[in-house]
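Okay, so here's the structure we're looking at.
The values are calculated or read from the model by the stated rules, or taken from the named source; none is laboratory data. The structure displayed is predicted, hence computed values, not measured ones. Cβ placement follows ideal geometry from the backbone for every residue including glycine, while neighbour counts extend to all protein chains displayed. We work out accessible area using only protein heavy atoms, side chains counted, and drop any ligands, DNA or RNA first. Shrake-Rupley method; radii C 1.70, N 1.55, O 1.52, S 1.80 Å.
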Amino acid sequence: MPVVWLAPALIAKVFAGMLYGYLYAHYFPVSDSWMYFRESLIDYKILLNNPTEFFSVHANTGSITDFFSNAPDAFWSNAGENLLIKLLAILNVFTGGNYYLTSILFNCFTFWGLYLFYSLAHKYFPGKGSLLIMFIFFLPSCLFWNSGMDKDGLLIFFAGTCMFYFDKCITLKGDVRSGVICLFSFAGLLLMRNLTAITFLPAILAWLLSFRKRRNAYLYFAGVYAVCIVLFFWSARFPDSAYNLPLKFAEKQHQFLSLEGKSKLQLTPLEPTVASYVKVLPEALNHVFWRPYITEIKSPFHLLSFAENLAVIVIIVLVIWITQKRTALILHQPFSMFLLTLALVNLLSIGYLVPFSGAIMRYKAFYVVCLLLPFINCIKTTPGKSAELYI
């Protein structure tokens, strides 16, 4: 990354984090970021007075083997929050428990994940440095929503680290250090949001297979995901409902549906059947790619989301229309297919699960970046000149 852009990108992220905190402290009544920070102050005092107690595990480890449990007190339901609060408590030691100073340190920490993600993208999309910087570091939704002190910022840190060092593992044979870092970052993904970590597995496997064969990447991705879809619905036949994935996924959606909020959308409850998932698919796609409609704009955040949704659709359609042959190459590039499938699967999961447009905006921000990058690579750039669509 050019040094000239490094400081502005970091400053923008730090400023966005402070703005996020200020807005939610003065204009919005509910904020996960402030909630986590207040809880971290309790752990911060424990850390100062009784470090042994702070580093002891108080999670419900008895349910650690119930990987897909949706129970509120289950280990995997709270692991991400516990890890985040512990990290914030440690950062509070250096900031004296000041929200804004802690936010600065938190965003300096999570910025590293974005930087590694940029470095990886620049390796596979050479000559697109300025465009990559613009979309990875300055896309409004990703910049703002992922700068709050919540799980999404840490999720990007672990995701960017995992991708970067996995690429080193497959390109540099015998690189044990990269393998260890990759595994630890994947463990971080599991703790932060185990569903997200699961979506990484088929994408990484298909990336590995297509990278080694170096041709027809789309065939390997199609094959891997076809097997995963079959296994997903076949798991409903397990006698133990703990491994009935369609049921567990539906139960997760029902938890969201039981909540109330001003931005709640109509979403059909899922049932653990293929027919139900097919039926709800149009709603999921609509929620994640089109909502809020222009008639549903009630705040600046809704306006930002509406404008960005429209911009994403326009960019993808224009790139495909004008650069048809070049866009088709996405299907043959392993890294492009990795980003595309990872983004689509996670966006679709968010559409299926989350019935609140406000939460959808935050959850999908990073995956919108992943979705756009393969298409951005189809834009021709000339040194010293502005980007133009390759015709």
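Out of (1) without any contact (Cβ under 8 Å) to a residue 60 or more places away in the chain; (2) in a helix (DSSP H, G or I); (3) open to solvent by 10 Å² or more (accessible area, probe 1.4 Å), what's the single condition that is false for residue 131?
Going through (1) without any contact (Cβ under 8 Å) to a residue 60 or more places away in the chain; (2) in a helix (DSSP H, G or I); (3) open to solvent by 10 Å² or more (accessible area, probe 1.4 Å) one by one, residue 131 breaks only (1).
For the range 1-35, name all the residues that are in contact with a Gly (Cβ under 9 Å, 6 or more places away or on another chain) and in a helix (DSSP H, G or I).
Listed by number, the residues that qualify are 5, 16, 17, 20, 21, 24, 32, 33, 34.
When you check residue 298 against the structure, is it outside any helix (DSSP H, G or I), modelled with pLDDT under 90 and either of a type in the set (Phe, Trp, Tyr) or at negative phi (or both), yes or no? It would help to see each step written out before you state the result.
Working: outside any helix (DSSP H, G or I): yes; modelled with pLDDT under 90: yes; either of a type in the set (Phe, Trp, Tyr) or at negative phi (or both): yes.
Considered against the rule, which asks whether it is outside any helix (DSSP H, G or I), modelled with pLDDT under 90 and either of a type in the set (Phe, Trp, Tyr) or at negative phi (or both), residue 298 comes out as yes.
Are any residues in the range 228-278 of a type in the set (A, V, I, L, M), outside any helix (DSSP H, G or I) and open to solvent by less than 80 Å² (accessible area, probe 1.4 Å), and if so, which ones?
Matches in the range 228-278: 265, 267, 270.
Starting from the range 19-42, take each residue that is farther than 21 Å from residue 143 by Cβ and open to solvent by 50 Å² or more (accessible area, probe 1.4 Å) and list its partners that are among the β-branched types (Val, Ile, Thr) and part of a helix (DSSP H, G or I), counting only C-beta distances under 7 angstrom and pairs at least six apart or across chains.
Here the result reads 39/85, each pair linking the range 19-42 to a residue that is among the β-branched types (Val, Ile, Thr) and part of a helix (DSSP H, G or I).
Only one residue in 137, 157 is under 25 Å from residue 91 (Cα atoms), touching a residue at least 24 places away in the same chain (Cβ under 8 Å), within 19 Å of the chain's Cα centre (by Cα) and open to solvent by 20 Å² or more (accessible area, probe 1.4 Å). Which one? If you could, list the steps in order and put the result at the bottom.
Numbers: 137 fails: open to solvent by 20 Å² or more (accessible area, probe 1.4 Å).
It is 157.
Quick check on this structure: which one of 326, 291 is crowded, with 16+ Cβ neighbours inside 10 Å and outside any helix (DSSP H, G or I)?
Being crowded, with 16+ Cβ neighbours inside 10 Å and outside any helix (DSSP H, G or I) holds for just one of 326, 291, which is 291.
Given the conditions (1) out of contact with any Cys (no Cβ under 7 Å at 6 or more places or on another chain); (2) closer than 30 Å to residue 243 by Cβ; (3) free of Cβ contacts under 8 Å to residues at least 24 places away in the same chain; (4) outside any loop (DSSP other than H, G, I, E, B), and given that residue 169 satisfies all but one, which numbered condition is not satisfied?
(1)
Just checking, does the range 329-346 include any residue being open to solvent by less than 40 Å² (accessible area, probe 1.4 Å), under 27 Å from residue 247 (Cβ atoms) and polar (S, T, N, Q)? Steps first, please.
First, pick out the residues of the range 329-346 that are open to solvent by less than 40 Å² (accessible area, probe 1.4 Å): 330, 334-343, 346.
Still in the running and under 27 Å from residue 247 (Cβ atoms): 341-343, 346.
With polar (S, T, N, Q) added as a condition, the list becomes 341, 346.
Yes, because at least one residue in the range 329-346 is open to solvent by less than 40 Å² (accessible area, probe 1.4 Å), under 27 Å from residue 247 (Cβ atoms) and polar (S, T, N, Q).
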